[in-house]
Each structure stands twice: as C-alpha cells, then as structure tokens.
Amino acid sequence: MKTSLKVKIGKLTLKNPVMTASGTFGYGVEFEGLAGIKELGAIVTKTITLRARAGNRPPRVIETPSGMLNSIGLENPGVDRFIKDKMPSLRRFKIPIVASIAGESAAEYKRLAGKLDGVKEIEAVEINISCPNIETSKLFAQSEKSTKDIVEAVRSATGKTIITKLSPNVTDITSIARAAESAGSHALSLINTLTAMAVDIEKKESMLGNITGGLSGPAVKPVALAMVWKVYNAVKIPVIGMGGIMDWRDAVEFILCGSTAVNVGTANFVNPNAGAEIAEGIKKYLRKKKIKDINDIIGGLRK
Ligand SMILES: Cc1cc2nc3c(=O)[nH]c(=O)nc-3n(C[C@H](O)[C@H](O)[C@H](O)COP(=O)(O)O)c2cc1C
C-alpha cells in the first residue's frame, strides 16, 4: 500500500511531518554522520538574532526528572555570519530549512526577515517570540498586541512562509494564537519551554547560572498536547506540535491532537537519529492502520 506522509505548511511542502526543534539540532552539521538528516521533513535552525549573542552564564543545561532545563540565552553568531558561515553546509542537506529568528523589537524582527528573504534555501521563517531565557521582563508571546505587531512586521519584509512559535507561559494560549493568525502568520508552532528552575540545597543556589531556565522533554508532553489541542480547535492555520516527543508514538499523539507537523527537540540529545526513526515509525503506523494519507488523521482525536 502506498502511504503519503506529505504535509503542507503555508507554501512549504514537507515529505514527512518530522522537523528538528530550534536549538536542539544546531545548524545540522553538528549531527552529520550521527543522524539521518536527509530523512527529516525539515531542519529548524537555532534561533538567530541581528547581532551575535554569547548566551547566558553557565551552567546552562541540567537534567531533571523526565526532562531537562536549559538557559542557553540564544547563543548564536548573528544573522550575517549565519548566512555566510552556516548556510553553505545547511544547503548540502537538500531538505527544507526553516530559520528561527528573534529580535528585541518588531523593527528588529523585520530587519532579520528582510535579510533572510534573499536566501533561496530558507523556505520558512519561524518567529521565536517565546524564548524564556533572555533578559526581558515580558515575553512578546505574552501579549496579543506584540504578537500581532511582530507578525505584521515580518510579513511586510518577506514572502516566505511564516511560522509563529508560541509560549506555554501564558494564561490563555488560544488568544495569542488567534492574534498571530489574524496578523497573517501561515502556521503556529508550540510549545517553547516552560519557565522552570532547580535548586542545589548544599550551595543554596540555583543549578542554573541564569537562575531560571526552560523545561523540556517528556515531563512537558501532557501540557504540550493539551495546548496543541486547544490551539488546533481555535485557529484555521496549521499547527506544528512539540514538547517531549521521544518516539513515533508521541508524534502520533500530537498528530491526533491537531499537529500537521511535529518538532523533535530534547530527544536529539538522547538519540541524534530520533527524527529519522520517528518519521519511519509514523509511516509503519499508518501502513498498519491502512491509512493512505497522513492528512486523514490530523486532528482525528475522537470527541
Ligand atoms: C537546549 C535547548 C535549546 C533551545 N533553544 C531554542 C531556540 O534557540 N529557539 C527556540 O525557539 N526554541 C529553543 N528551544 C526549545 C525547543 O525548540 C522546543 O520548543 C522545546 O524544547 C520543547 O520540545 P522538546 O520537549 O521536544 O525539547 C530549545 C530547547 C532546548 C532543550
């Protein structure tokens, strides 16, 4: 039986719904030889900013029960060096590249999107308005107005597919989702990490240099599933789900809850080939269930 795993996110067509989550797969090259990169639907790159960022004080990563905390703080070489130094190797993989961007204002997001607009191999831009590890008092993703302003600014600077990455650190994620949709975002991705911390009782200090960080991995999966389901039912644009996807079964849960595509994050640190294995596992599941087209089960959760 022929089984199609092809999905569409705006103008972007993916041969299968499995993408790497921003910040967990570097710029692809770091995983060469360890992962079946060509088997992935797409790579989402580490978030880039206008100027280079050194990131936060160490320690920046620790393991927690059923998950991990990170407070990387958007370490990256800046957009110009990303285009010059990182894009040549990303191009070689011949799979769609989604560039994640973050700015300090709508105008900065616009400049970033404008700079990337001319880079052919970048097929979509993911607007990261939800990083919990930077020195702002409020996340843009916690305000409907900021979300709208940023999406509109990015739209005015690029013809590429726009994905807006939402934060779980909000009271009502559906109102932010609707704001992004009405401003013209072609898709939504969720969830970014949950603000969290861990304490060393001997030293009486936080285990992270930045004090707080973001929680990811299996611990967040039930929260992420509920948010994906709520957002799926609140908007008409595609939803890209993530949060604790460790194997194909987790991915199928997200697809049934309304994810057109999924991102694999923390799992890459345990098994660099997780993404490729998840894509294969989804295919086998569909064949076993005699489902010809993955699109037939997106949001197919029985009510
Ligand atoms: C070490 C690390 C770095 C991350 N860096 C970014 C980033 O730069 N931009 C971003 O949008 N999300 C970043 N994230 C969040 C992930 O993309 C993802 O939203 C989150 O980890 C939930 O998925 P997971 O549980 O599968 O890891 C990072 C996560 C981790 C663990």
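Checking the stated criteria, T171 turns out not to satisfy the condition of being of a type in the set (S, T, N, Q), outside any loop (DSSP other than H, G, I, E, B) and at pLDDT 95 or above.
Test each condition in (1) of a type in the set (S, T, N, Q); (2) within 16 Å of the ligand (Cβ to nearest atom); (3) in contact (Cβ under 8 Å) with a residue 40 or more places away in the chain for S89 and report the one that comes out false. Looking at each condition in turn, S89 falls short on (2).
Flag set for S105, criterion: within 21 Å of F140 (Cα to Cα) and away from the ligand (no atom under 16 Å from the Cβ).
Among the listed residues G265, G300, which satisfies the condition of being crowded, with 20+ Cβ neighbours inside 10 Å and not aliphatic (A, V, I, L, M)? The match here is G265. For segment 15-60, the candidate set comprises residues that are assigned to a strand (DSSP E or B) and over 19 Å from I127 (Cα atoms); within that set, the residue that is farthest from the ligand (Cβ to nearest atom) is E32.
Taking the listed residues A113, A141, A153, the one that is of a type in the set (A, V, I, L, M), more than 20 Å from T45 (Cα to Cα) and free of Cβ contacts under 8 Å to residues at least 60 places away in the same chain is A153, with no other qualifying. Considered as a group, the residues in segment 117-128 that are aliphatic (A, V, I, L, M) and either away from the ligand (no atom under 15 Å from the Cβ) or farther than 20 Å from A141 by Cβ (or both) include one that is surrounded by the most Cβ atoms within 10 Å (Cβ to Cβ), and that residue is I122.
Do we have A177 as touching a residue at least 40 places away in the same chain (Cβ under 8 Å), assigned to a helix (DSSP H, G or I), surrounded by 19 or more Cβ atoms within 10 Å (Cβ to Cβ) and out of contact with any strand residue (DSSP E or B) (no Cβ under 8 Å at 6 or more places or on another chain) here? Taking the combined requirement at face value, the residue does not satisfy it.
Taking segment 61-76 as the range and being outside any strand (DSSP E or B), more than 8 Å from the ligand (Cβ to nearest atom) and buried (at least 18 other Cβ atoms within 10 Å of the Cβ) as the test, the residues that pass are S71, G73.
The values are calculated or read from the model by the stated rules, or taken from the named source; none is laboratory data. Since this is a predicted model, take the numbers as computed values, not measurements. Every residue, glycine as well, gets a Cβ built from its backbone with ideal geometry; the counts of neighbours run over all protein chains shown.
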